[in-house]
Amino acid sequence: MVVTLKEVAELAGVSRSAVSRAYTEGASVSPKTRRKVERAALELGYSPNVLARSLNTGRTSLIGLVSNNFHNPIFLEIFDLFTKGLQARDLRPLLVNLSDETDPQNSVRMLKQYSVDGVIVASSTLPTDFALAFRDAGVAVVHAFGKYSSSPNVHIVGIDNVECGRMALRTLAQRGYRKVGFIGGPQNATSTQDRLAGFQDEATRHPGVTVQHRFAGQYSFEAGRRAMKEQLTDDRAEAYFCADDVLSIGALSALRDHGLMPGRDVGVIGLNDMEMAAWAGIDLTTIRQPIRQIVSSAIELMAAMLSEPDRYPEARLFPCSVVERGTLRPAP
């Protein structure tokens with residue numbers, strides 16, 4: 001049998017409204033009454049119905065967590081951090097898969113049907129108008145892993161993808177590679193465009209270094225494997241910046257199928273430093289994206305927006321660093 005608020009009130013010797021106030025953040029209730037309610041609730045095994053409470057408060061504490069790339073294992077790590085972090089703040093994540101969605105208005109309508117209090121867009125490939133559509137619909141929104149802007153229209157938390165491209169090229173040039181390649185994700189993804197732009201721009205600062213590039217259909221193992229196989233039938237580079245770890249792991253698989261040893265015969269550097277990158281048999285040299293800090297910052301901004309809806313949008317950038325493993329020549 002479900003224990004009701006009325007039963008708690010009777011056992012505690014208080015009114016039902018007093019029990020309700022005891023479980024409503026910011027409501028006025030004396031410490032003595034709160035203790036009575038908590039003792040009675042513990043004895044009866046009562047838990048407040050948060051959905052019913054939302055009818056009174058107008059707040060559901062639901063936060064839509066939306067993404068469009070469930071083929072990439074890095075998002076298992078990202079969603080794990082997001083769900084734990086939101087729940088620690090008494091917010092409830094609602095996971096939404098937008099893999100086949102192209103119209104942001106459809107996403108807005110769907111999430112408004114759930115009466116979410118806010119939305120975190122967790123994607124480096126969705127265009128900026130996705131997050132902007134939620135803002136225009138009056139929904140608190142944060143774009144995690146989004147494209148950086150010095151004057152953002154919504155809160156953005158992520159990395160400088162252009163600088164990551166430069167970092168990858170510098171690393172390859174320092175190892176003595178002169179013929180280098182870029183394998184990116186979807187060509188229309190802002191993260192792919194920015195990483196390639198930084199890679200090509202840095203190459204102009206290193207005389208003798210030539211750059212080639214190729215795009216994969218998506219950020220996935222199979223897309224990376226297919227792109228590297230195609231590359232090996234063309235004019236092969238000495239080393240590659242695969243602009244995501246999952247692409248890199250697919251590329252490593254293709255190299256080994258062709259009898260090539262990563263690090264010895266062909267260099268590979270990735271981006272993200274997801275858990276799999278350090279596994280034996282992969283040992284991927286990569287650029288670490290500080291995912292834990294990005295997720296924590298996005299949650300902090302979301303919580304702040306719920307209490308301060310008119311908060312001015314800001315962009316938070318986190319620095320990246322190269323993690324040395326075994327898929328490049330040793331540093332000189």
Give me the angle, in degrees from 0 to 90, between the Cα long axis of helix 74-88 and the longest principal axis of the Cα atoms of the chain, rounded to the nearest 10. 20
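Which loop trypsin sites (Lys or Arg not before Pro) in the stretch 236-274, with loop taken from DSSP, have no more than 15 other Cβ atoms within 10 angstrom of their Cβ?
On the way: sites: R236, R256, R264; in loops: R236, R264.
Taking the stretch 236-274 and a limit of 15 other Cβ atoms within 10 Å, the loop trypsin sites (Lys or Arg not before Pro) found are R264.
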Using a Förster distance of 51 angstrom, determine the FRET efficiency expected from the C-beta separation of R16 and E308, and round it to 0.05. 0.95
List the residues of the stretch 163-183 whose backbone N lies under 14 Å from a point placed 7 Å from the Cα of L317 along the Cα-to-Cβ direction. 163-167
Remind me, relative contact order of the stretch 35-188 in percent, using alpha carbon pairs under 8 angstrom and six or more residues apart? 18
Give me D244, D160, D235, D273 ranked fewest to most by other Cβ atoms within 10 Å of their Cβ, as a rough exposure proxy. D235, D160, D273, D244
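Under the √(5λ) rule applied to the eigenvalues of the Cα gyration tensor, what semi-axes describe the equivalent ellipsoid of the stretch 136-288? Give them in Å, descending.
The equivalent ellipsoid of the stretch 136-288 has semi-axes of 28, 18, 13 Å.
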Work out from phi, with θ = phi - 60° and the Karplus expression 6.51 cos²θ - 1.76 cosθ + 1.60, the ³J(HN,Hα) of each residue of the stretch 284-293, listed in order in whole Hz, and give x for Gly and Pro. 7, 6, 8, 9, 7, 8, x, 4, 4, 5
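Give me the net charge for the shell around S15: Cβ to Cβ below 12 angstrom, other residues only, Lys and Arg +1, Asp and Glu -1.
Around S15, the surrounding residues sum to +3.
Within the stretch 156-214, report the trypsin sites (Lys or Arg not before Pro) that DSSP leaves as loop and that have at most 12 other Cβ atoms within 10 Å.
Those that pass, being in a loop and sparsely packed, are R205.
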Please give the contour-minus-distance gain from E300 to L42: 0.36 nm per residue of separation, less the Cα-Cα distance, rounded to one decimal in nm. 89.8 nm
Residues in the stretch 206-223 reached by a label modelled at D235 [backbone nitrogen below 18 Å; 7 Å Cα→Cβ]: 207-215
Length added when fully stretched, Q174-A331, from 0.36 nm per residue minus Cα-Cα: 55.8 nm
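Do any chymotrypsin sites (Phe, Trp or Tyr not before Pro) in the stretch 232-329 lie in a DSSP loop with no more than 11 other beta carbon atoms within 10 Å, and if so, which? Walk me through the numbers on the way to the answer.
Working: sites: Y240, F241, W279; in loops: W279.
Hits after loop and neighbour filter: W279.
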Spin-label model distance (nm) - N188 vs S150, 7 Å beyond Cα toward Cβ: 2.9
For the stretch 65-181, size of Cβ-based charge dipole, Lys and Arg +1, Asp and Glu -1, in debye: 540
Nearest-ten-degree value, helix 161-174 long axis tilted from longest Cα axis of the chain: 40
Can you pull the Kirkwood radius for the stretch 236-332, inverse mean 1/r over Cα pairs, to one decimal in Å? 15.2
For the stretch 87-143: relative contact order, % (alpha-carbon pairs under 8 angstrom, 6 or more apart): 33
Measure nothing but the geometry: give the 0 to 90° angle between the long axis through the Cα atoms of 31-44 and the longest principal axis through the Cα atoms of the chain, rounded to 10°. 80
Computed over the stretch 161-289, the relative contact order (Cα-Cα under 8 Å, seq sep at least six) in percent reads 24
Share, in percent, of DSSP beta bridges within the chain that are antiparallel, nearest 5: 5
Answer with one residue from N68, M274, G165: the one whose Cα lies farthest towards the positive end of the charge dipole of the chain, charges on Cβ with Lys, Arg +1 and Asp, Glu -1. M274
Would you work out which of F199, Q113, G146 lies farthest towards the positive end of the dipole of the chain? Charges go on Cβ: Lys and Arg +1, Asp and Glu -1. Q113
Cα extents of the chain along the principal axes, largest first, in whole Å, come to 82, 40, 33
Going residue by residue through the stretch 216-226, the Karplus relation 6.51 cos²θ - 1.76 cosθ + 1.60 with θ = phi - 60° gives ³J(HN,Hα) values, rounded to whole Hz and with x marking Gly or Pro, of 8, x, 7, 7, 8, 4, 5, 5, x, 5, 5
If you bin the C-alpha pair distances of the stretch 96-188 every 5 Å from 0, what whole percents do you get? 3, 12, 20, 19, 14, 10, 8, 6, 4, 3, 1, 0
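Throughout, read-outs are computed from the coordinates displayed, never taken from laboratory work. What you see is a predicted model, and the numbers here were worked out from it, not measured in a lab. FYI the Cβ positions are ideal-geometry reconstructions off the backbone, even for glycines, and counts take in every protein chain you see.
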